[in-house]
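Student: So that we are looking at the same thing, I have put the structure below in structure tokens.
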Amino acid sequence: MKNIVIFGAPGSGKGTQSDLLVKKYGFKHISTGDVLRAEIKNGTSLGQTAKSYIDKGQLIPDELMIDILANVYDSLCPCDGVIFDGFPRTIPQAEALKRMLKERKGEVDVMIELSVPDEMLMERLINRGKTSGRADDNEETIRKRLDVYKNQTAPLIEWYKTDGKHRAIKGHGALEEITDTLSEVIDSL
Ligand code: AMP
């Protein structure tokens, strides 16, 4: 049972690479962004709450996010492996994930950072916005999301380094090359 965190800024390719890895390894994929968007689509009260944050490019409060994550995890596992995509995004979330997995006799095996230059992120997200239909893929909200990433999420890189779990790989270039490099890290676990 492997617990793999795919980490990176908005637009770094976490979702795309997670989909490819899920196909290759048969792991479960937990994208907290997808979970929240499904709640919005289904018109649930959680969806309404989530929308008020997502549309502003802000993070959903930690306590709420941590509960959601535990519920989704328990609905999918025990299983061969999980790819966490978009969670954790704050240090309290990383601490909660560590606790949650420990209670289930597991741990984060690796946190893999997809590193992509800033200017490329903006370009990718603006392009994605042309087809994604996502309300948060507009220039103003993208800027806000990139700021939130820098201030609240990027400190997790040091946190996972201290925990001995951090690996960084190049997140730009040919899609297959990125998948191959990610696979090498996963195969080495
Ligand atoms: P994503 O699809 O991962 O880019 O997430 C889209 C939006 O959902 C984010 O900008 C946040 O508003 C919200 N979101 C997703 N995951 C989290 C999380 N782990 N913590 C807080 N907010 C989140």
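The values are calculated or read from the model by the stated rules, or taken from the named source; none is laboratory data. Note that the coordinates shown come from a computational prediction; the quantities given were computed from them, not determined experimentally. Here the Cβ is made from the backbone with ideal geometry for all residues, glycine too, and neighbour counts use every protein chain on show. We work out accessible area using only protein heavy atoms, side chains counted, and drop any ligands, DNA or RNA first. Shrake-Rupley method; radii C 1.70, N 1.55, O 1.52, S 1.80 Å.
Student: If I go through the range 132-142 residue by residue, how many of them are part of a helix (DSSP H, G or I) and more than 12 Å from the ligand (Cβ to nearest atom)?
Tutor: Adding up the residues that qualify gives 2.
Student: Given the residues Gly86, Gly129, which is the only one that is surrounded by 12 or more Cβ atoms within 10 Å (Cβ to Cβ) and closer than 20 Å to Asn3 by Cβ?
Tutor: The unique qualifying residue is Gly86.
Student: Pick from the range 51-64 the residues that are under 19 Å from Asp147 (Cβ atoms) and in a helix (DSSP H, G or I): which of them is farthest from the ligand (Cβ to nearest atom)?
Tutor: Looking at the filtered set, the residue picked out is Ser52.
Student: Can Glu107 be described as more than 27 Å from Ala38 (Cβ to Cβ), in contact with a Leu (Cβ under 6 Å, 6 or more places away or on another chain) and open to solvent by 40 Å² or more (accessible area, probe 1.4 Å)?
Tutor: Yes.
Student: May I ask you to say which residue of Leu121, Leu175 is in contact (Cβ under 8 Å) with a residue 60 or more places away in the chain and surrounded by 14 or more Cβ atoms within 10 Å (Cβ to Cβ)?
Tutor: It is Leu121.
Student: Can I ask one more? Does the range 138-159 contain at least one residue that is open to solvent by 30 Å² or more (accessible area, probe 1.4 Å), in contact (Cβ under 8 Å) with a residue 60 or more places away in the chain, closer than 21 Å to Pro61 by Cα and among the polar types (S, T, N, Q)?
Tutor: Scanning the range 138-159, I find at least one residue that is open to solvent by 30 Å² or more (accessible area, probe 1.4 Å), in contact (Cβ under 8 Å) with a residue 60 or more places away in the chain, closer than 21 Å to Pro61 by Cα and among the polar types (S, T, N, Q), so the answer is yes.
Student: Still on this model: Please specify each residue of the range 34-50 satisfying the condition of being more than 9 Å from the ligand (Cβ to nearest atom) and either among the hydrophobic types (A, V, I, L, M, F, W, C) or free of Cβ contacts under 8 Å to residues at least 12 places away in the same chain (or both).
Tutor: Within the range 34-50, Ala38, Glu39, Ile40, Lys41, Asn42, Gly43, Thr44, Ser45, Leu46, Gly47, Gln48 meet the criteria.
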